[in-house]
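Take this structure, written in structure tokens, and hold onto it; I'll ask about it next.
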Amino acid sequence: MSIEQLQVLRKEQSLRASDIKLVELEDETLVIDRMTGRWLLSSSETAARINRYLDPHAAGEDPAVSASLRDAGMGQPLVDSPDAPLGMLILKLTNACNLGCLYCYDYDPIHKATVADKTSFERAIAQALRMCGGKLRIILHGGEPTLVWPLIEGLVEFAESEAKALGVAVAFGGQTNLTKLNARIVQFSVDHGIAWGISIDGPPAVNDTYRVTHRGGGSHAIMQKHIEAWPEFVASCGAISTVTSANVKHLVEVAHYIKSLRIRAWDWTLFQPSGRGATGADSAFSFDVGSLMMAWRNLYQGALAGDFDGFAVRPVLKYLYNFLYGSGAYMCLRPKCGAGRELASITADGVWQGCDCIDRSHPCGEAGNVDEVDLATVRAGPGFEALRSRDLSEAAPCNACPWYSLCGGTCLAYGSDLTDRSLLHCAMAQYAYKSIAQDLSADPSRILRYMASVATR
């Protein structure tokens, strides 16, 4: 068969040859469709045949290679699936916080703060419940949301009543610094199934570097009192640490400390130079990509060695799940991220946002006020549509990256506009996915054993 005939055949079969990438590992080659994340491991000999088959200037057929790619679902025509329905509503109930964390992107002293209007937020909740796909997760956020606890009780009870009337399910989560915990909060949270995440950056010396009170004192001692008073409740929570210069070289220690509290799962979020933290973007809070990759490697190797069995190290698990099962579960690690799709957020002063992490100065940072425009109109409007339109698949360097479908061009909230990407997130994804591919090639048992140990987490 001539080159021209083969090219016609491939066009008729819609083989996306340019989207199939080969990644050299130690003993094998990873063959991956950069647009779908489908992959296979091949010997060097087979990889060479695949490479020849994909070469648009090569002549000849290779039925075995063609069948292997087809059976693995690689290079097939892309199907543009519809967006998932709204599944998460984030309520920023106040921008007040009793702490003055030096890197915080969203806080005000209590006496200056804005508090959500209960009636407006109830109306927004009702709209979201009517638009969701049968289940809505409501996240209680701040500032520090427990500072307005009566408001939380009222909104939770309203949402439960409204959901029951509509025949849909509603679940609740929240993020707290744990410094205002009391018996009332504990009991209501247990009774209504509120899954709290605790903001903690590590053991006392690490945590108190930047997580301080408005007077500059450390916050860990305040948390410790509540950890000791309600250990079972704390153990039922998750935890999240903001990665900064203070803890980036101690993240294994941080993970072990969180595990020692009997907390079930831990995640990280990378310092974002926004709000108050923007003033330190190039100095106190920032860190280099090498330190971050070293931290991830140590966490990953510890997980595979059994050091974290039964403890969900989500900075590791999110990449493992994405690689093995495809992007989807983690809405920030896929081309069609959750912003403006499954996710909507409301600021304490009632402004709709497509993602709670987007700075309000971002071109898509605001999409109208809850008292002036309803959720359906917002979701169909230009702000949310712009978020949904983000596509870096043909933009360099994403257009040649084998991991594109498992990363999506990095979190849009860390960029100055929709075409920007985070160099930290980009380097982290490339390093993590290649490390995982190498270990799956060499000995997948350690990965599978760790994942099985946290399957119920």
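The values are calculated or read from the model by the stated rules, or taken from the named source; none is laboratory data. Treat the numbers as computed from the prediction; the structure is a model and nothing was measured. Methodologically, a virtual Cβ is constructed for each residue, glycine included, from the backbone with ideal geometry; neighbour enumeration extends over all protein chains shown.
For the stretch 48-67, name all the residues that are modelled with pLDDT under 85 and among the small types (Gly, Ala, Ser).
Listed by number, the residues that qualify are 58, 59, 60.
Give me the residue from the stretch 386-430 that is part of a helix (DSSP H, G or I) and small (Gly, Ala, Ser) and, out of that set, nearest to residue 300 (Cα to Cα).
Among those residues, the one meeting the criterion is 429.
To continue, here is another question. Would you check which residues across the stretch 254-275 are within 22 Å of the chain's Cα centre (by Cα) and either at pLDDT 95 or above or more than 19 Å from residue 104 (Cα to Cα) (or both) and list them?
254, 255, 256, 258, 259, 263, 264, 265, 266, 267, 268
Quick one: is residue 91 assigned by the TED database to the domain that holds residue 181, surrounded by 21 or more Cβ atoms within 10 Å (Cβ to Cβ), in a strand (DSSP E or B) and modelled with pLDDT of 90 or more?
yes
Under the condition of being assigned by the TED database to the domain that holds residue 90 and acidic (Asp, Glu), which residue from the stretch 355-410 is surrounded by the most Cβ atoms within 10 Å (Cβ to Cβ)?
Restricting to residues being assigned by the TED database to the domain that holds residue 90 and acidic (Asp, Glu), the top hit is 356.
Can you pull out every residue in the stretch 237-260 that is surrounded by fewer than 16 Cβ atoms within 10 Å (Cβ to Cβ) and either closer than 28 Å to residue 184 by Cβ or of a type in the set (Ser, Thr, Tyr) (or both)?
Residue satisfying the conditions is 260 alone.
Of all residues in the stretch 169-189, how many are more than 23 Å from the chain's Cα centre (by Cα) and in a loop (DSSP other than H, G, I, E, B)?
Of the residues in the stretch 169-189, 4 are more than 23 Å from the chain's Cα centre (by Cα) and in a loop (DSSP other than H, G, I, E, B).
Limited to the stretch 411-450, what total is found for residues that are more than 18 Å from the chain's Cα centre (by Cα) and of a type outside the set (Phe, Trp, Tyr)?
19
Where the second residue is small (Gly, Ala, Ser) and not in a loop (DSSP other than H, G, I, E, B) and the first is free of Cβ contacts under 8 Å to residues at least 60 places away in the same chain and lies in the stretch 364-381, which pairs have Cβ atoms under 6 Å and are six or more apart or on separate chains?
Going by the 6 Å Cβ cut-off, the qualifying pairs are 364/383; 364/386; 367/383.
Going through the stretch 56-103 one residue at a time, which ones are of a type in the set (Gly, Ala, Ser) and out of contact with any Leu (no Cβ under 9 Å at 6 or more places or on another chain)? Explain how you work it out, then say what you get.
Residues of the stretch 56-103 that are of a type in the set (Gly, Ala, Ser), as a first pass: 58-60, 64, 66-68, 72-73, 75, 81, 84, 87, 96, 100.
Once the filter is applied, which keeps residues that are of a type in the set (Gly, Ala, Ser) and out of contact with any Leu (no Cβ under 9 Å at 6 or more places or on another chain), the stretch 56-103 yields 64, 67, 73, 81, 84, 100.
Now for a separate question. Only residues that are free of Cβ contacts under 8 Å to residues at least 60 places away in the same chain, on the phi < 0 side of the Ramachandran plot and over 12 Å from the mean Cα position of the chain (by Cα): list them for the stretch 325-344, please.
Listed by number, the list holds a single entry, 325.
Now for a different question. So residue 107 passes all but one of these: (1) under 21 Å from the mean Cα position of the chain (by Cα); (2) at pLDDT below 95; (3) under 19 Å from residue 353 (Cα atoms). Which condition number does it fail?
(1)
Which members of the stretch 401-431 meet the condition of being touching a Gly at 6+ places or on another chain (Cβ under 7 Å) and at pLDDT 90 or above?
The answer is 405, 406.
Ok, one more. Would you point out the residue of the stretch 65-88, among those that are surrounded by fewer than 18 Cβ atoms within 10 Å (Cβ to Cβ) and without any contact (Cβ under 8 Å) to a residue 40 or more places away in the chain, that is nearest to residue 133 (Cα to Cα)?
Top of the filtered list is 82.
Tally the residues that are hydrophobic (A, V, I, L, M, F, W, C) and touching a helix residue (DSSP H, G or I) at 6+ places or on another chain (Cβ under 8 Å), restricting the search to the stretch 42-63. Steps first, please.
Going residue by residue through the stretch 42-63, those that are hydrophobic (A, V, I, L, M, F, W, C) are 47-48, 50, 54, 58-59.
After this cut, where a residue has to be touching a helix residue (DSSP H, G or I) at 6+ places or on another chain (Cβ under 8 Å) as well, the list is 50, 54, 58-59.
Final tally of qualifying residues: 4.
Filter the stretch 110-133 down to residues that are modelled with pLDDT under 90, surrounded by 15 or more Cβ atoms within 10 Å (Cβ to Cβ) and within 25 Å of the chain's Cα centre (by Cα), then give me how many there are.
Residues flagged as modelled with pLDDT under 90, surrounded by 15 or more Cβ atoms within 10 Å (Cβ to Cβ) and within 25 Å of the chain's Cα centre (by Cα) within the stretch 110-133 amount to 0.
Any chance you could count how many residues in the stretch 28-75 are within 34 Å of the chain's Cα centre (by Cα), closer than 21 Å to residue 401 by Cα and part of a loop (DSSP other than H, G, I, E, B)?
Selection size over the stretch 28-75: 10.
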